[in-house]
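Below is one structure, written out as structure tokens; comments come after it.
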Amino acid sequence: MRMNGLSRCVVAGVCASVAGTACADVVNPWGLSAYTSGNIGRTSAGFSGQLYTGAMTAGSAYLQSISIGSVSNFGAASGTSVFAQYQVTLSGSASGSIDAGSDVFINGASVGGNVTAGGSLKTNGSGGSISGNATLGGTKQTGYAVSVGGTVLQNQSYAASSSIAEYGAYFQAMSSQAAAATSNASASMSGTNLSITATNSGTNFVSISGSQLSAARNIAISANQNATVVVNVTGNSAAFSNIGWSLTNGASAARTIFVFDSAYDVTIAGAVQGSVLARSALVTMNSGSVAGTVVGMGLVGQGSAGLSQFTGMVPAPGPVALVACGSLVVLRRRRSVD
């Protein structure tokens, strides 16, 4: 598949020349607060809390009493709050747009942008408002009021603004690659105190067990300034249990990521100073707060994420269409050229 010629890539203020990339096609996957290959929330209990940037799911998004921001550096999809392959149910507020492959339910909610849906615009609650346009594959339900500030277009063809599958492939490839990396940093456990020491100026990989993480009540990370710390957590389950954090000598939540390549259950209570990549896990947040992005098979509970975007340096997974831009890894949507 051929791509367009040399163009410029701008991400987070960093500009670089990248062959075969158009600016509108360059996005930063870590600009999401959450990504799931399954659902966000449940039909019986939506995910609640605060997502500082957008959320993306290959399933449905059930969002209850939520405040959600929007993504930037997402090419033409910048300004979107929720991307879902299927249904979106929202109560609360979304500052940006909603892009859903199926129906969108607005239940006591406000949407600051547009709604684009493959299905209909509905409510089974108290309605709400949409500041922009509503472009629907189905129709706008009558009954409870959902006011639309712009134009309502019904029975339209639907095309998603982003390829959700490509994001999933990126996160999966990165998880596998990180898990296979040789450790070049150290970790030690003393009682409930976990210490991680990363001395390399580039990317540091360290491995701990899920039982060690679950037992930890204090985590101290020491790293060189601008270094990236990748913590591989082994085992089928793990928990962050109201941990106290100490980041010293240049360590930063924006350059720290916890990778759970083989876990099926990850529980988060209290703060996590970093991002969480748990591609096969149901991530349960019990008033949890993740500084960066949460990636899982599913996301349930109540919490917050996305305040501190991951900006670390990680090798780009080869099988996915990726380009490196400055200190970030960014995803490139494929576009054929006739």
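Which of rounded, prolate, oblate describes the range 220-271, given a ≥ b ≥ c as roots of the alpha-carbon gyration tensor eigenvalues and a/c under 1.5 marking rounded, otherwise prolate only if a/b is larger than b/c? Oblate shape, in that a/c is at least 1.5 and b/c is the bigger or equal ratio.
At a 10 Å Cβ-Cβ cut-off, how would you order Arg255, Arg217, fewest neighbours first?
Working: Arg255 29, Arg217 13.
Neighbour counts put them in this order, fewest first: Arg217, Arg255.
Taking 0.36 nm per residue of sequence separation and removing the Cα-Cα distance, the Gln154/Ser241 pair yields an extension gain of 26.6 nm.
Peptides 261-269, 101-109, 292-300, ordered by how many other C-beta atoms sit within 10 Å of their residues on average, highest first, read 292-300, 101-109, 261-269. Amide H contacts of Gly244 (H built 1.01 Å from N, in plane; Pro and chain starts excluded): Asn218, Ile219 sit under 5 Å, all sequence-distant by 5 or more or on other chains. When the label point is put 7 Å from the Cα of Asn200 along its Cα-to-beta-carbon vector, which residues of the range 135-179 have a backbone N closer than 18 Å? Correct set: 174-179. By the count of other C-beta atoms within 10 Å, a proxy for reagent exposure, Ile40, Ile257 are ordered fewest to most as Ile257, Ile40. Taking 7 Å steps out from each Cα toward its Cβ at Asn124 and Ser147 produces label points 2.6 nm apart. Spacing of the modelled spin labels on Ala165 and Asn193, each 7 Å from Cα toward Cβ, amounts to 5.1 nm. For the range 123-151 versus the range 238-267, the spacing of their alpha-carbon centroids is 40 Å. Estimated from the Cβ-Cβ distance and a Förster radius of 25 angstrom, the FRET efficiency linking Ser214 and Ser67 is about 0.25.
Laboratory data are not the source of any read-out in this text; all were calculated from the coordinates shown. Remember, predicted model here, so these are calculated numbers, not experimental data. Every residue, glycine among them, receives a Cβ derived from its backbone with ideal geometry; neighbour counts consider all protein chains shown.
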